[in-house]
Amino acid sequence: MPKCTIDGREIEVAPGTNVLKAALDNGIHIQHFCWHPDLAVDGNCRTCMVEVEKMAKLQIACNTVVSEGMVVRTTSPKAVDAQRSALEFLLVNHPIDCPVCDQAGECYLQDNYMRYGLYDSKVELEDKVRKRKVVDLGSIMLDAERCVLCSRCLRFESEVTGTNSFEFVNRGDRVQIATFENRKITHDYAGNLADVCPVGALLSHDFRFKMRVWFLKAHESVCPGCSTGCNVFVDERDGEVERLRPRRNVDVNKSWMCDPGRALYKEIGVTSRVSGARERGGTTWEGVSVPAALDRVATALKEAGSDSAFLASPQGTNEDVFAFKALADAVSGKLDFRVGDPEKKVRERIDKVLQRADRNPNTQGCLDQGIGRDGVAAILASCRGGRVKALVLQGPELLRVPEAVDALATVPFVAVMATHEGPELDRARVVLPAALWAETEGTYTNYQRRVQRLKAAVPAPGDALPRWELAAGVLDRLGRPLGATAPREIFALVAKATPGYSGLDHRAIGASGRALPLVGDAGTAQEARA
Amino acid sequence: MAIGVITVDRSQKAGVLPLLQGHWVTLRIFLKTLFLRKASTIQYPEETRPVSSRYRGIHVLTEREDGTPKCVACFMCATVCPAECIYIESGERPETTIEKYPTRFEIDLLRCVYCGFCVDACPEEAIIMSRENDLVGTTRAELVIDRDRLMARGKLVEHGPGYRPVDHDVRRPVRIAALERLKAEHGIVPGMPKTRG
């Protein structure tokens, strides 16, 4: 483990670490543009100049590997002068259209100018080289004038997606990035281009002009789009989610996330959310209060007893699923969750980057808690045989399955916890309003068997409650209280009851999750970690 | 003796003279008003008091020559506003040179504290203040004025523009430095901005 001294501080790093990463990891900031923690070192922006003792010239921190006894100075007059000059070069032809640029507020040029620059520009605005602006590349907008030619997007395209869409064209001060024949970016990871771009050259089409970023408040969460469980930030203002962006986690998603995942914020604030409970009397729906609806469910379950069936949802958090299982156990009903066999696809990739075939975030958590108990087919068979008097669904998945319609029609009482309105809800008797993933605390267990936390970012609409709270409400009415009133407390029960989860709690899981050993097929485990 | 206590000499009695002196003041003002028409009061609302050219009254959104708003929806005013009374939604302009403009721009005049920070923050001189201070409405909603009303105000202002980022403003040292350089190198002295109306 080589030791070096940066700005008088002794720092020990892993062999092969570069000076820039060593400094950043230890809270010493060196300006940089082209270096990205999850991309190869390129060293073209020349802004991270530092003075290294016994080296004749200044070195770029990103491409200088720390060696034993190295003494680095990042703030010596020589280094600072070089950093300022390099920054000035980047800004020579920059259009300074910050007022209309969406990157403003999270722009490396702005931040570094305020920190290292603060000089008066020597180039008049009229003399700057004009380049192409407002080029629509599908989900990305290109503004070549703002580009600092750091090549992060080129490297992302070649190293992560392998699509190589971007290339530098022209020479000298007219060089700019472009796609071949202005073709649009068509792969599922285009949103990351806006994230890797340190300036406003590549921006998200979806977020364009929507909000100034300094109004947004970020909440740590986990993407519910598939079993990968990418770590995300939910950016919200006044209870309205404006965007999702990846949160770096080296073991799961690095700094990336897919575009289908990014688009999931759109389903949070829509008007088609289920915001109140309702009950069907004959042919018409009648709105009822949530307590009244829970009363109705409890009464039906009391009558049905063990002639009841429960279908959990792998969209629910571990806490939701645990409370739901407790409800099933309270009346000794049948229990499963495997509608559409998500457990067979949980580790199946659908591309080479992040996405997986199982579009549920918590299939592994359901498996760990033993929710896959009686089999969906067996439950449906019991329904057809008239042996199910009450069916409680944690999500509307089963209602959407065409083969299940006839079986559901034979069940006298079907209650469903739903987040969004849909025609399938008409097959239920009672609809309970459920909170969405961004509105509830909890944990998901991803395909690697990594337990990750999500935090509530926005309030749930209307009367909607987290699914665990709905289950706990019914349990109270059955005289079998859950014994926990918050996700944190429920997780303590989960940890006690689930093999492998012992010793875990919300605090121990932390921001980046906690990996549990994958049981079973070791080859799958290897593949999953890769 | 405690600080702040004034001891009044009661040995002297109030005479007739001070009384007459007081009456003379009243009589003098009365005569001046009656014969010389030099009243200390003004006949509001027919007459209004003149206000400073930097008066911070109701806002005006300025426009370009083609009648579109000068505002580029950068949200600087909404960011700096201490009363949080500015609401903006932005959209895309067809010209690639300007790109952005406000599709909605609302100021809640009842919530506004008329500090003028929005004028200071604006990089485009798109929002200025007028000298108008009549704020009358029959409902609260009426006094949340939208983009079109804010822009139309530019033509309606009776008393000329009020607070705006003018060149002689002492709070703009960068501007002043630029002006001094302009004067030293080119001998140009920009005059006062022309007032409207």
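The values are calculated or read from the model by the stated rules, or taken from the named source; none is laboratory data. Being a predicted model, the structure only gives us computed values, none of them experimental. Heads up, the Cβs are rebuilt from the backbone with ideal geometry, glycines too, and the neighbour counts pull from every protein chain shown.
What to note about this one:
- Residue in the stretch B:63-86 that is farthest from the other protein chains (Cβ to nearest Cβ), counting only those that are surrounded by 15 or more Cβ atoms within 10 Å (Cβ to Cβ) and over 17 Å from residue B:120 (Cβ atoms): B:63
- Qualifying position, being surrounded by fewer than 19 Cβ atoms within 10 Å (Cβ to Cβ), among the small types (Gly, Ala, Ser) and closer than 27 Å to residue B:76 by Cα, among A:218, A:194: A:218
Conditions (1) among the hydrophobic types (A, V, I, L, M, F, W, C); (2) in a helix (DSSP H, G or I); (3) in contact (Cβ under 8 Å) with a residue 24 or more places away in the chain, marked per residue:
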| position | (1), (2), (3) |
| --- | --- |
| A:68 | no, no, yes |
| A:79 | yes, yes, yes |
| A:112 | no, yes, yes |
| A:116 | no, yes, yes |
| A:132 | no, no, yes |
| A:137 | yes, no, yes |
| A:167 | no, no, no |
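- All positions within the stretch B:31-56 that are among the β-branched types (Val, Ile, Thr), farther than 19 Å from residue B:116 by Cβ and surrounded by 10 or more Cβ atoms within 10 Å (Cβ to Cβ): B:33, B:42, B:48
- Counting residues in the stretch A:401-423 that are over 23 Å from residue A:336 (Cβ atoms), in contact (Cβ under 8 Å) with a residue 12 or more places away in the chain and surrounded by fewer than 18 Cβ atoms within 10 Å (Cβ to Cβ) gives one or more.
- Scan of the stretch A:2-36 for residues that are assigned to a helix (DSSP H, G or I) and of a type in the set (A, V, I, L, M, F, W, C), ordered by number: A:19, A:20, A:22, A:23, A:24
- Here residue B:66 meets each of (1) modelled with pLDDT of 90 or more; (2) under 30 Å from residue B:91 (Cβ atoms) with one exception, condition (1).
- Residue A:238 meets the conditions (1) at pLDDT below 95; (2) surrounded by 18 or more Cβ atoms within 10 Å (Cβ to Cβ) in every case but one. The failed one is (2).
- Of all residues making up the stretch B:87-121, the number that are part of a loop (DSSP other than H, G, I, E, B), within 14 Å of chain A (Cβ to nearest Cβ) and touching a residue at least 12 places away in the same chain (Cβ under 8 Å): 3
- With respect to the conditions (1) among the basic types (Lys, Arg); (2) out of contact with any His (no Cβ under 9 Å at 6 or more places or on another chain); (3) farther than 30 Å from residue A:187 by Cβ, residue A:171 lacks only one, and its number is (3).
For (1) charged (D, E, K, R); (2) touching a helix residue (DSSP H, G or I) at 6+ places or on another chain (Cβ under 6 Å); (3) more than 24 Å from residue A:235 (Cα to Cα), each residue gets a yes or a no:
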{"residue": "A:450", "(1), (2), (3)": "yes, no, no"}
{"residue": "A:463", "(1), (2), (3)": "yes, yes, no"}
{"residue": "A:472", "(1), (2), (3)": "no, yes, yes"}
{"residue": "A:479", "(1), (2), (3)": "no, no, yes"}
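- Filtered residues of the stretch A:41-57 (kept if closer than 18 Å to residue A:8 by Cβ and in contact with a helix residue (DSSP H, G or I) (Cβ under 7 Å, 6 or more places away or on another chain)): A:50, A:51
- So residue A:243, is it over 26 Å from residue A:271 (Cα atoms), basic (Lys, Arg) and not assigned by TED's automatic domain parsing to the domain that holds residue A:145: no
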